[in-house]
Amino acid sequence: MGTVSRRYGATDGFVMMPDGTTHYIFGFVDITGVPEHMIFESRGRAQLPAPLLEAYEGDDVYLTLTNLGMPGRPDLDDAHTIHWHGFPNQIPLWDGVPEVSLSVPVGRDFVYYYRPRDPGTYMYHCHFEPVEHIQMGMVGPLVVRPLIEKAPGYAGRKFAYNDPATEFDREYLIFLTEMDSRAHHLVANVQEFDWTEYRPNYWLLNGRAYPDTVKPAGAAELPAQPYSALVSVRTGERVLLRFVNLGYQQHTVQILGIPLRVVGEDARRLLGVHGEDLSRRRNTLYLAPGQTADAIFTAPEPGVYPLYSTNFHRNTNDGSSFGGMVTEVRVSPRRARPERSRARPVGRRRWSHGDNRPVGERRVPQHP
Amino acid sequence: MATIDLWVKDGYLSTPDGNSIYFWGFSASPDGRAQVPGPHLVVRQGEQVTVNLMNTLPLEPVSIVFPGQWPVSVDGRLARPQYDQAGNLVSFADHAPPDRGVISYTFTPERPGTFLYESGTHPHKQVPMGLYGALVVRPADYDPGDPAHKTAYGFGTDTEFDREYLLITGEIDPELNNAVGEGRPYPVPRFRPRYWTLNGRCAPDTMLPDRVPHLPHQPYGSMVMGQPGEKILIRLAGAGVDNHPVHPHGNHVRVVGADGRLLRGGTDLSGRRFTVLVGAGQTWDLVFSWTGLGFTPENPIPTVLPNRRNLGVGDAGWTMWSGSPYLGQKGDIPVGVVSFNEFGEYYFMLHAHEEHKITNWGEFPGGMMSMVAIYPSLSPAVGTLP
């Protein structure tokens, strides 16, 4: 098995909404491989959501958290942690709950470790004063890939789980959060927010509100929101959508015209105890905060298929329509193209076809 | 045959931030205090149950409904909705009139499982005011002395457990409760919860034992305790008016029952989740087990534990950490930090993942949050229901 080593900095930054407003956030920034004397250049450059963390089942994952401090709130000396949400049998030391283990003060490092055994879609987030730090943006996606992709006969193909029935051609992340801009404004201005008054006015897919959701990954005008939520596929392709809800509201989403086959929930393949396929066909996906779902569809004929929250109040930006949790599935015609080589080395192809992350973010898991 | 007497009374709840909130609750004796939730009722499948309700509220009728039980009879006939003289619905079932009225319900639970019992009289007000509780129905073949028959749903249903806990979710808007206490109306459109509860308590009180003297109206704790590898049955019941996603750290839960129904229909439909959405009025039976990653002082962790002076331990002045990565070991805790760790046990948070619900009126930590504690060894008397 391989080793995945990452280093994330915890700091602050700003996100932009399509109505021209800017909002203060806390968050993570990938500083893997950055020389020690240069890490502080990443202060104030948090991204929303946090960088995608991906590993293979059985990998040794070492995630170093470095608390870079908050240049926008120099008075605030909060510690941070990483909680990998959903990893079974974790021990408290690496579970990231400061009340029952450790937290990382400003200027310090700590290494979190786990060897994932179950493929699927997870999430990670800071658990220090979580009501504030999660809403402020310290949330990220976590994907564990199945070992079947390394098995003879399957190498070079992509699967959600260790099950040939979960094969796919492209995958996209749909990461659901909300933002109450009053809370962000008060935190930026060293004021208290009463969290029981939480009432969001922006609803986000991959950290962006529509129409920014359909802008390309790495769009220059959205420096802190590098992940697109546009789903671009070709007719006939099998598409895996990895849904994560890390907001504080329950969300229902659907794709107009495309039913979904839910093959996994909370990083577990939906199988009966005797291996029966318990996949569900759904027009809508209903996710509570802290849940994930893996859904596969086969792209229909070319066209534009809206993907949106069916809680329609959430298709707005601070009250204006359209906005919020809306994006598009754009299906283009089939293209005659050479068969992909089945002999491609494993570990070379991550998110290569159908990637809603910017090119510079496409990292390859390290398998020495 | 089981006979249960419940008195409806009022009282004041305590919250960890020092608030005192008027509420209505059930009491198990004429001299006892009102409590929230009402007494945990544990009965047996197939055995007739009679619940006698005595209502001491001066102005309000009160009834109890038993969702999932049918038929429920009153005076030898089916319980039926009650209307006032103008024909307006007052109660979903026969009620006890105000000021010492009495009513008696009889039913025979057909199926094992976890159920709610709650007021059926103006429940928009009476249930958030605290008139709710949970009913556990043991399978007919239940035998706590035989592991194969110590089950949630009966022999051969793969629902064996070593310990069990009952957690009931709720939420409180103190302004509305106190308005009722002052004889004013209960304005539902202004309902905005400031407290979210497990077994009527807010964190950190949720982690205290049952029946602590300073919480006379909130007798039940919510600390889930067990040993590595044990099957811990967590019965979750959603008694309030909102839905709550409950996330246990440490492991997935195996969801074995919903609304008092074994998840099996032709095939095994149980599944594993890391977050369970408890809808208002729903119940879920979950089996939690934690086995760990195998690290011991002889098989040490693969990371270096830095000097504790370089890390945050007990930022709030207290910690539940042992100071060691290993189960059953204790390590150094910085001077000035109070440790609530007893002998190297592990703690995993169990909480609502709508994170504003783990505050007490906006202040973390609080609300709908508790811990799962894994001890190196634990008395078998811990984690039992009556």
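Read the figures in this text as sums done on the coordinates, not as results from a lab. Note that this is a predicted model, so its numbers are computed, not measured. Positions of Cβ are generated from backbone atoms using ideal geometry, with glycine treated the same way; all protein chains shown enter the neighbour counts.
Neighbouring Cβ atoms from other chains, within 10 Å of the Cβ of residues in B:307-319, number 5 on average. In chain A, helical runs assigned H by DSSP with n ≥ 4 each contribute -39500 (n - 2.57); averaged across all residues and rounded to the nearest 500, the mean residue ellipticity at 222 nm is -1000 deg cm²/dmol.
Tally the DSSP beta bridges in the protein assembly as shown and give the antiparallel ones as a percent, rounded to 5. Counting DSSP beta bridges with both partners in the protein assembly as shown, the antiparallel share is about 75 percent.
Counting lysine pairs in chain B whose alpha carbons fall under 29 angstrom apart, excluding pairs fewer than 8 residues apart on the same chain, gives 6. Computed about its Cα centre, the charge dipole of segment B:67-219 is approximately 520 debye, with only Lys, Arg, Asp and Glu carrying charge at their Cβ.
Taking GluC sites (Glu not before Pro) across segment B:45-127, the ones in a DSSP loop with at most 15 further Cβ atoms lying within 10 angstrom of their Cβ are B:E47, B:E110.
Extending 7 Å from Cα along the Cβ direction at B:V188 and again at B:V212 yields two label points whose distance is 3.5 nm.
Springs between Cα atoms under 10 Å define the GNM used for chain A, and in it the highest mean-square fluctuation of A:L271, A:L173, A:L68 occurs at A:L271. Here the contact order of segment A:171-332, divided by its residue count and restricted to Cα pairs under 8 Å and six or more residues apart, works out to 29 percent. In plain terms, the chain from A:M1 to A:D318 could stretch by 109.4 nm, reckoned as 0.36 nm per residue minus the Cα-Cα distance.
Counting only other chain Cβ atoms within 10 Å of each residue's Cβ, the peptide B:359-366 averages 5.
In chain B, Cα pairs under 8 Å separated by at least six residues give a relative contact order of 15 percent.
Rounded, prolate or oblate for segment B:237-380? Axes are the square roots of the Cα gyration tensor eigenvalues, ordered a ≥ b ≥ c, and the cut-off for rounded is a/c under 1.5. Because a/c hits 1.5 or more and a/b fails to exceed b/c, segment B:237-380 counts as oblate.
Dividing the helix sum by the residues of chain B, where each DSSP H run of 4 or more adds -39500 (n - 2.57), gives a mean residue ellipticity at 222 nm of -500 deg cm²/dmol. Separation of segment A:52-98 and segment A:6-42, taken as the distance between their Cα centroids, equals 15 angstrom. Among A:E178, A:E129, A:E36, the largest mean-square fluctuation in a Gaussian network model of chain A (Cα springs under 10 Å) belongs to A:E36.
Given their separation in residues at 0.36 nm each and the Cα-Cα distance between them, A:L256 and A:S181 gain 24.1 nm when the chain is fully extended. Need one word for chain A: rounded, prolate or oblate. Basis is the Cα gyration tensor (sqrt eigenvalues a ≥ b ≥ c); a/c below 1.5 gives rounded, then a/b vs b/c decides. Verdict is oblate for chain A. Within a straight-line Cα-Cα reach of under 18 Å, A:K150 can be paired with the following lysines, leaving aside sequence neighbours fewer than 8 residues apart in one chain: A:K158. Over chain B, all Cα pairs binned in 20 Å intervals from 0 give whole-percent P(r) values of 27, 56, 16, 1, listed from short to long. Using C-alpha pairs under 8 Å with a sequence gap of at least 6, the mean separation divided by the residue count of chain A gives a relative contact order of 17 percent. Of the trypsin sites (Lys or Arg not before Pro) in segment B:208-239, the ones in a loop by DSSP (not H, G, I, E or B) with at most 12 other beta carbons within 10 Å are B:R211. Considering only B:D205, B:D94, B:D143, give the residue with the highest GNM mean-square fluctuation for chain B, with springs between Cα atoms whenever their separation is below 10 Å. Answer for the Gaussian network model of chain B: B:D143.
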